[in-house]
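Every number in this text was worked out from the coordinates using simple rules, so none of it is lab data. Owing to the predicted nature of the structure, the values given are computational and were not obtained by experimental measurement. Cβ coordinates were reconstructed from backbone atoms using ideal geometry, including for glycine residues, and neighbour counts include every protein chain displayed.
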Amino acid sequence: MKVAPLTSIPSAALVPALTPVRPVARVVGGELLREMQRAVEADAVDPALPVEGPGQAAQVKTAPRQAPPLPLPQTQGQALATAMRSALTRQSGLAPLLADLGQALQAQALSPPARAAAMQMLTQLIPLDPKVGAADIKRALKGSGLFLEANLAAQPEVSPLGRDLKAALLVLRQALGPTPNRRAPGATPRPPYGGAPTSAQRAALPSLPLEAGAGAIGETLAAETQGALAHLDLLQLASLPDPERPGEPTRWMFETPLQTPQGPSVAQFEISRDGGGGQGREDSREPLWRARFSVDFEPVGPVDAQLAFEGDLARVSLWVARGPIADRLRAAQPALAQALAAANLQLEMAVHSGPPPAPATPSGRLLDQSA
């Protein structure tokens, strides 16, 4: 059965109370990599385990077995590679999960805890609004899930529910029950890594028919949730300092779910800060802030942007896939320059037709092994 995509976002006031998120990795830096590997091992699902339907008691009998403990990597680089390989084989997009959560809520097929967790996830969607500003981007970065473990380590008594995307995903995974030992359906997003080009997720339509059974819906949502968490793990790994490249700029790579008329979409951002020195820059100069992002929604289509701010100079480069949209952006350039001049900023802007040039993959980067 074909249905229209979700067009409204549940109000936070309508979301039932949620069970606090279970303890997760309360560590930062290199220890995050080790904790992620432990989480991967703990979440492994035996393919022989059945998937229980609603109302059925789980009666799983397993023979006692003893597996030798897996040695943890001894170096941060080894831990990074292990965590990345595991996430690459499990990752999937956030947009299809959000679309299917809206469908599952319409089908009335979720348990009360899963329903509450699904509604909490849908409150993470941000409506498209031309008035989005720097404060909104900052809020999206803080709630993107990149800093969940660090925030729990700094303030373990403060609940992240309602303010953090990864916390919402963890609660949803817990409410849905066992994760099936299979990949989520649908296309796999481009895996992020440090310095990679940003990549948006197009608006997704629900893949679940309204007449699907509760067991099938729960299994699909559990697989999609695990895949979205693996993709977020990759974003966290991409935001960690590279131990083999000391002195590189600090960067944060994150995603923000958007509610479009066509369905949930995902914008991807990278914000970096170069504190000076190196790259031929003088230490006395102000820090250079860079931002890159990608969006893909109708009627605009794919747009990739790169911004650099140094002192009172703003450099903007746009790559626009659709020619008429590129022409409209070029026509709007004088108005944008005037608006920035009112804020004592100078503008250097270039609008390119077509996709941005693809950078060469750095030596040693892992490729997506899920294809």
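For Leu210 and Arg328, FRET efficiency with R0 = 45 Å and r from the beta-carbon atoms, rounded to 0.05?
Working: r = 39 Å, r/R0 = 0.86.
My answer for the efficiency is 0.70.
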### Under the Karplus curve 6.51 cos²θ - 1.76 cosθ + 1.60, θ = phi - 60°, whole-Hz ³J(HN,Hα) for region 177-192, x wherever Gly or Pro sits
x, x, 8, x, 8, 7, 6, 5, x, x, 6, 9, x, 4, x, x
## Note on the structure
In nm, the gap between the two label points placed 7 Å beyond Cα toward Cβ at Leu141 and Ala339 is 2.0
### Summary
Relative contact order in percent for region 64-220 (Cα pairs under 8 Å, 6+ apart) equals 39
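Please report the net charge: other residues with Cβ closer than 9 Å to the Cβ of Gly145, K and R +1, D and E -1. Write down the numbers at each step before the final one.
Working: positive: Lys166; negative: Asp164, Glu255.
Summing Lys and Arg as +1 and Asp and Glu as -1 gives -1.
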#### Entry: Linear extension gain, Gln108 paired with Gln346, 0.36 nm per residue minus alpha-carbon span
80.3 nm
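With a Förster radius of 25 Å, plug the Cβ-Cβ distance of Val158 and Leu128 into 1/(1 + (r/R0)^6) and report the FRET value to the nearest 0.05. Could you put the intermediate results ahead of the total?
Values: r = 30 Å, r/R0 = 1.22.
Calculated value: 0.25.
Rounded to a whole number of µm²/s, how large is the Stokes-Einstein D of region 85-235 at 20 °C and 1.002 mPa s, given Rh as the Kirkwood radius over C-alpha pairs?
Stokes-Einstein gives a translational diffusion coefficient of 133 µm²/s.
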### Query
In whole Hz, what ³J(HN,Hα) sequence does region 212-222 give by Karplus (6.51, -1.76, 1.60; θ = phi - 60°), x for Gly and Pro?
5, x, 4, x, 5, 5, x, 5, 5, 5, 5
### Summary
For Ala196, other-chain or 5+-apart residues with amide H closer than 5 Å (H placed, Pro excluded) are none
### Query
Thr75 to Thr250: extension gain in nm, 0.36 nm per residue of separation minus the Cα-Cα distance?
60.9 nm
